Amino acid sequence: MNIILLGPPGAGKGTQAQKLIKELNAVQIATGDIFRYNIKNETDLGKQAKSYIDEGKLVPDKLTIDLVWDFLDKVEDGKSILLDGFPRNITQAEALDEGMQKRNSKIDYVVNIKVPDDILIERISGRRVCVETGATYHIKYNPPKVEGIDDETGFPLIQRSDDTEEKVKTRIDLYNNTTAVLIDYYDKEGILITIDGTKTPDEVTKDILKALGK
Ligand code: AP5
C-alpha cells in the first residue's frame, strides 16, 4: 500500500509517519528530513537547498523530484511507500505518478491531515528536534524526560531554523497557495482520505489506520 501524508506544516505528518511505518511495514520518504540531513552534512544538495529551507520556500522542483526518483529506484519492488512532504505542487504530483508507473505501481491513498492555523503555529513554535537524529518533541504536548535532551540518544534538542513564528506563517501561506490544490487533485482521483489532526497523536493514528481499513 503506497500512501501520501498531506497537510500543512505542523499538521503532524512526521509524527504520524513514524507510527505508520511500523504498523504498515512501509519505507518512509520524507523530503524535509533528507534535505536537513544533507544540510547538516554540507553536501552539494544541502548547499543548494539551504537558503530555500531557511526562508520557508520550496526547494526547486528539479532538485526535489530527482531526489525522490533516486529514492524510489532504491526501494525494493513490492515494498509499501509512505511519502511525507512530497508532492507539494502539481508538477511534483505528476512526476510522482510517472515515477510510480515506472515501478508498475501507484499511490493508493492520500491522507489529508486537517489542523487549523492557530494550532499549527503553537505546535511548530513549541517543536524541538534532536540535533543528531531529528527525533521530534513538543515542549507542551510531547516533552522529553529531561528538558532539552533527547530521551534515546542524550543529544541536545534544538529548534529548527525554519520554525520561527515569522517563517511558520510564510510556510503556512505557501501551503495554502501552492500545496492545498493537491487536495482537489487527489479527491478527483477518488483516493483522498481526510482526517481530523487535532486529536492526540495516538487517536490520529487510530483514525488513519481505520480509514485505511487496518
Ligand atoms: P518538512 O520537513 O516537510 O516540513 P513541513 O511540511 O513544513 O512539515 P513539518 O515538519 O513542519 O510538520 P509535520 O506536519 O511533519 O509536523 P510534526 O509531526 O513535526 O519541510 C521543510 C522544508 O523543506 C520546506 O519548507 C521546504 O523548504 C523543503 N521541502 C520539503 N519537501 C519539499 C518538497 N516536496 N518540495 C520542495 N521543498 C520541500 O509535528 C509538529 C509539532 O506538533 C511537533 O512538535 C509534534 O510533537 C507536535 N504534534 C504532532 N502531532 C500532534 C498532535 N496530534 N497533538 C499535539 N501535538 C502534536
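The values are calculated or read from the model by the stated rules, or taken from the named source; none is laboratory data. Just so we're clear, the structure is a prediction, and the values are computed from it rather than from any experiment. No Cβ is skipped: glycine too gets one built from the backbone with ideal geometry, and neighbour counts run over all protein chains shown.
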query: What about Q48, is it outside any strand (DSSP E or B), farther than 25 Å from E189 by Cβ, modelled with pLDDT of 95 or more and within 13 Å of the ligand (Cβ to nearest atom)?
result: yes
- line: Within the range 161-180, the residues that are at pLDDT below 95 and surrounded by fewer than 18 Cβ atoms within 10 Å (Cβ to Cβ) are S161, T164, E165, E166, K169, T170
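Let's see how each residue does on (1) under 18 Å from T31 (Cα atoms); (2) in contact (Cβ under 8 Å) with a residue 24 or more places away in the chain:
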| position | (1), (2) |
| --- | --- |
| L72 | yes, yes |
| G78 | no, no |
| K102 | no, yes |
| P116 | no, yes |
| G126 | no, no |
| S161 | yes, yes |
Scope the range 73-88; condition of a type in the set (D, E) and within 17 Å of L209 (Cβ to Cβ); matching residues: D84
query: For the range 1-41, how many residues are near the ligand (Cβ under 6 Å from one of its atoms), out of contact with any Asp or Glu (no Cβ under 8 Å at 6 or more places or on another chain) and of a type in the set (V, I, T)?
result: 1
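Can you confirm whether the range 140-148 contains a residue that is among the aromatic types (F, W, Y) and more than 10 Å from the ligand (Cβ to nearest atom)?
Residues of the range 140-148 that are among the aromatic types (F, W, Y), as a first pass: 141.
Pick out the ones that are also more than 10 Å from the ligand (Cβ to nearest atom) and you get none.
Checking the range 140-148: not a single residue is among the aromatic types (F, W, Y) and more than 10 Å from the ligand (Cβ to nearest atom).
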query: Got a number for residues in the range 162-207 being β-branched (V, I, T), closer than 17 Å to Q92 by Cα and under 16 Å from the mean Cα position of the chain (by Cα)?
result: 3
query: Do you know which of the residues in the range 51-67 that are of a type in the set (S, T, Y) and surrounded by fewer than 18 Cβ atoms within 10 Å (Cβ to Cβ) is farthest from the ligand (Cβ to nearest atom)?
result: S51
